[in-house]
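Below is one structure, written out as C-alpha cells, with a few remarks after it.
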Amino acid sequence: MLVRKPAIAGTLESSDVQVSVEPSESGLKLTIDSIVMNQYGPQIKQVVTKTLEELDVINAVVRVVDRGALDCTIRARVQCAVFRSCDASHENIPWKGAVR
C-alpha cells in the first residue's frame, strides 16, 4: 500500500496508542515513544513492523506514541492510520475474509 497523505489513528489516553503515518520516498522510518519501552519496546516494534509488512508499506514515516496498549490495539491503530492515508473506505479495505 502506498501512504499518500499524512494520517493519524488512536489517542494518547492510558492503554491506547497514537499512530501517525506520512509519505516518504526513502524507505521506512519508524519512531516509537512508549511508557513501557524498557519492558516491551522490542515487542511493540515487532507488531508495528509486521503489520506494515502485511500491508505492503515500504515507504513511510511512522510515529508511534504508546501509552501501554495491547498488541491488538497497536495493530488496529497501524492499520487504521495506513488505510486513512490511502483514503480507503469500508468497501475497499482488504479484510482478508475476517469481516463479512
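Scan the stretch 34-47 for residues that are surrounded by fewer than 13 Cβ atoms within 10 Å (Cβ to Cβ) and assigned to a strand (DSSP E or B) and jot them down.
Within the stretch 34-47, none qualify.
Across the stretch 1-29, which residue is nearest to the chain's Cα centre (by Cα) among those that are within 10 Å of Asn59 (Cα to Cα) and loosely packed, with under 12 Cβ neighbours inside 10 Å?
Among residues in the stretch 1-29 that are within 10 Å of Asn59 (Cα to Cα) and loosely packed, with under 12 Cβ neighbours inside 10 Å, the one nearest to the chain's Cα centre (by Cα) is Gly27.
Look through the stretch 59-87, keep the residues that are among the basic types (Lys, Arg) and in a helix (DSSP H, G or I), and return whichever of them is nearest to Glu25 (Cα to Cα). So that I can check it myself, show each step before the final result.
Start the filter on the stretch 59-87 by keeping residues that are among the basic types (Lys, Arg), which leaves 63, 67, 75, 77, 84.
After this cut, where a residue has to be in a helix (DSSP H, G or I) as well, the list is 75, 77, 84.
Values: Arg75: 23, Arg77: 22, Arg84: 19 Å.
Within the stretch 59-87, the match that is nearest to Glu25 (Cα to Cα) is Arg84.
Given the criteria more than 19 Å from Pro6 (Cα to Cα), modelled with pLDDT under 95 and not aliphatic (A, V, I, L, M), does Arg100 qualify? Let's see the steps before the verdict.
Numbers: more than 19 Å from Pro6 (Cα to Cα): yes; modelled with pLDDT under 95: yes; not aliphatic (A, V, I, L, M): yes.
When the stated conditions are applied, Arg100 passes them.
Go through the residues of the stretch 21-33 one by one and say whether even a single one is at pLDDT 95 or above, out of contact with any helix residue (DSSP H, G or I) (no Cβ under 6 Å at 6 or more places or on another chain) and part of a loop (DSSP other than H, G, I, E, B).
no
Can you report the number of residues in the stretch 48-58 which are assigned to a helix (DSSP H, G or I) and not hydroxyl-bearing (Ser, Thr, Tyr)?
Summing the residues that are assigned to a helix (DSSP H, G or I) and not hydroxyl-bearing (Ser, Thr, Tyr) in the stretch 48-58 gives 5.
Quickly run through the stretch 1-20 and pick out the residues that are in a loop (DSSP other than H, G, I, E, B) and closer than 14 Å to Ile74 by Cα. Write out each step before concluding.
The initial filter retains those residues of the stretch 1-20 that are in a loop (DSSP other than H, G, I, E, B), namely 1-6, 10-16.
The answer is Gly10, Thr11, Leu12, Glu13, Ser14, Ser15, Asp16.
Which of the numbered conditions does Leu55 fail, given that it passes all the others? Conditions: (1) at pLDDT 95 or above; (2) within 18 Å of Ala76 (Cα to Cα); (3) aliphatic (A, V, I, L, M).
(1)
Name the residues in the stretch 48-78 that are surrounded by fewer than 21 Cβ atoms within 10 Å (Cβ to Cβ) and under 19 Å from Glu13 (Cβ atoms), would you?
Listed by number, the residues that qualify are Arg63, Val65, Arg67, Gly68, Leu70, Asp71, Cys72, Thr73, Arg75, Ala76.
The values are calculated or read from the model by the stated rules, or taken from the named source; none is laboratory data. Here the structure is a predicted model, which is why all the values come from computation and not from measurement. Counting neighbours? That spans all protein chains shown, and the Cβs are built from the backbone with ideal geometry, glycine included.
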